[in-house]
Amino acid sequence: MNGCQEPEKVVMVRYGELFLKSDPVMYHFIGILLRNIRKALETAGHSCRFESPRGRIFVYGEKPEEIAGIIARIFGIVDVSVCMRVEATPEALRDAAVALAISHVFAPCRFAVRAKRQTKTGMNSQQLGEFIGSVIYDAIPGLSVDLTNPEYELFAEVRDCGGFVYDARIPAPGGLPWGSQGRVFCLLSSGIDSPVASWLAMKRGCEVSHLHMDGGRWAGSDVLETAIENHRRLSLWCPGFDLQMIIVDTEPFYDRMQERHIPVRLRCVLCKRFMLRVAASLCGREGAQAILTGENLGQVASQTLANLAVIADATTVPVLRPLITYDKAETITLARKIGTFMEKQGDLACQAVPRMPATAAAGLAVRESEEKLGVDELLAIVLSQVRYVTARNGTIL
């Protein structure tokens, strides 16, 4: 910054894992991240200016607190702060820090100042922190310094582009930018697991589309509505982007299992294999590279290691299972955190589930049952009547 300038508010964005990439890959990912931030803010009606010096992204707009809240839901970002930008001098940083602390700190209070310098001239980081901290200590009687377990932390950064002072870091999800790892189809149900699996894939940079198998009269009365609600809630995590959901009517599949007297114990495995066949066909049609499920090892009969092997054999498209080693309690904790857990579950029963499903279905018996069902014909039937549901920013369009 040149000359004296009044402090101005700016949103500081930090990314983490992108630093591990080579420079060309890192800059490519930062470009995707900037695109995602712009998309989210433009959709929310914010006109902003951006700067992206090494290690940070700065966003300038009229409502910085609101902007920071939107950005904090974007994958690839570690945390976000609303800062005061001042001249990169100890005196300017000191004045901004004292003003911020006076407005937020009430004695008695343990406090700490964390200073960081990008440049190597002048005070080092420790000296700058002590300089700012001593003035705050004198300005607010009753404070005590505690660098280990402070009740209030104030941060000061000196960078090539200016000085920045802030006292809050809003956590963001981290991971990789949405869309940096290609597109996947997630088998999204009305349950707890698959929405969490979808979120985890988003966090790793996947552009996710959802696929719901509507069992019609074979499914509980609240299944379809709850699956759409899961879809809506997950759209909050890709702000600005349309989140697509394809609904496939699979009632003919269940009807035919009953009509042709398919062994009841094989129903769950056959159902999962048919879901993968549908998903694989749509991957080719829609340009997705993998199938994503909420399966968890040993959680239900169809998810034993033996049955998972038989199920996966239904397709050559890669099947991703991010929850494969999670305990149910871990999944529920994450579902609560990301906002997809629903206290009132409603009628989510599946009428096709047998009392004693096979836990180690024989591959030969399964394939014989599929021949009896005519799965290729069924696949053509269900794929001829699909419907799309689009969500954006928590709203079904």
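The values are calculated or read from the model by the stated rules, or taken from the named source; none is laboratory data. Just so it is clear, the structure is predicted and the values come from calculations on it, not from any experiment. Here the Cβ is made from the backbone with ideal geometry for all residues, glycine too, and neighbour counts use every protein chain on show.
Here are a few things to note about the model shown:
- Residue in the range 223-235 that is out of contact with any Lys or Arg (no Cβ under 7 Å at 6 or more places or on another chain), assigned to a loop (DSSP other than H, G, I, E, B), within 28 Å of Leu297 (Cα to Cα) and assigned by TED's automatic domain parsing to the domain that holds Pro252 present: no
- Count - residues of the range 94-129 that are surrounded by 14 or more Cβ atoms within 10 Å (Cβ to Cβ) and either assigned to a loop (DSSP other than H, G, I, E, B) or of a type in the set (Phe, Trp, Tyr) (or both): 4
- Scanning the range 350-393 for residues that are touching a residue at least 40 places away in the same chain (Cβ under 8 Å), of a type outside the set (Phe, Trp, Tyr) and within 30 Å of Cys238 (Cα to Cα) yields a count of 10.
- Any hit, the range 107-125, residues being of a type in the set (Lys, Arg), within 21 Å of the chain's Cα centre (by Cα) and modelled with pLDDT of 95 or more: no
- Hits in the range 55-76 - residues which are within 13 Å of Tyr15 (Cβ to Cβ), assigned to a loop (DSSP other than H, G, I, E, B) and out of contact with any Asp or Glu (no Cβ under 9 Å at 6 or more places or on another chain): Gly55, Ile74, Phe75
- Candidate set: the range 130-162, residues that are of a type in the set (Gly, Ala, Ser) and over 18 Å from Ala88 (Cα atoms); chosen: the one surrounded by the most Cβ atoms within 10 Å (Cβ to Cβ): Ala139
- Of the criteria (1) at pLDDT below 95; (2) among the aliphatic types (A, V, I, L, M); (3) more than 18 Å from Val223 (Cβ to Cβ), which one Ile338 fails: (1)
- When the range 281-311 is limited to residues that are free of Cβ contacts under 8 Å to residues at least 40 places away in the same chain and buried (at least 19 other Cβ atoms within 10 Å of the Cβ), the one that is nearest to Glu371 (Cα to Cα) turns out to be Leu308.
- When Asp160, Asp249 are checked against the criterion of being outside the structural domain of Arg285 (by TED's automatic domain parsing) and not hydrophobic (A, V, I, L, M, F, W, C), a single residue qualifies: Asp160.
- For Val269, the stated conditions do not hold, so it cannot be described as within 26 Å of Leu234 (Cα to Cα), in contact (Cβ under 8 Å) with a residue 24 or more places away in the chain and buried (at least 21 other Cβ atoms within 10 Å of the Cβ).
- Hits in the range 174-216 - residues which are among the basic types (Lys, Arg) and in a strand (DSSP E or B): Arg183, Arg204
- Filtering the range 23-37 for residues that are modelled with pLDDT of 95 or more and over 21 Å from the mean Cα position of the chain (by Cα) leaves an empty set.
- Of the criteria (1) crowded, with 20+ Cβ neighbours inside 10 Å; (2) touching a strand residue (DSSP E or B) at 6+ places or on another chain (Cβ under 9 Å); (3) basic (Lys, Arg), which one Arg321 fails: (1)
- Residues located in the range 283-316, provided they are over 23 Å from the mean Cα position of the chain (by Cα) and aliphatic (A, V, I, L, M): Val300, Ala301, Leu305, Ala306, Leu308, Ala309, Val310, Ile311, Ala312, Ala314
- Reported count of residues in the range 171-214, each being surrounded by fewer than 20 Cβ atoms within 10 Å (Cβ to Cβ), farther than 26 Å from His28 by Cβ and in contact (Cβ under 8 Å) with a residue 40 or more places away in the chain, is 1.
- Top-ranked residue of the range 8-36 - restricted to ones that are without any contact (Cβ under 8 Å) to a residue 40 or more places away in the chain and part of a loop (DSSP other than H, G, I, E, B), ranked as surrounded by the fewest Cβ atoms within 10 Å (Cβ to Cβ): Ser22
- Counted residues, the range 355-396 - those being surrounded by fewer than 11 Cβ atoms within 10 Å (Cβ to Cβ) and assigned to a loop (DSSP other than H, G, I, E, B): 4
- Ala88 passes every criterion in (1) over 18 Å from Asp167 (Cβ atoms); (2) assigned to a helix (DSSP H, G or I) apart from (2).
- For beta carbons closer than 6 Å, sequence separation of 6+ or different chains, a first residue in the range 134-145 that is assigned by TED's automatic domain parsing to the domain that holds Val98 and a second that is part of a helix (DSSP H, G or I) and not aliphatic (A, V, I, L, M), the qualifying pairs are Val135/Arg94; Leu143/Tyr137.
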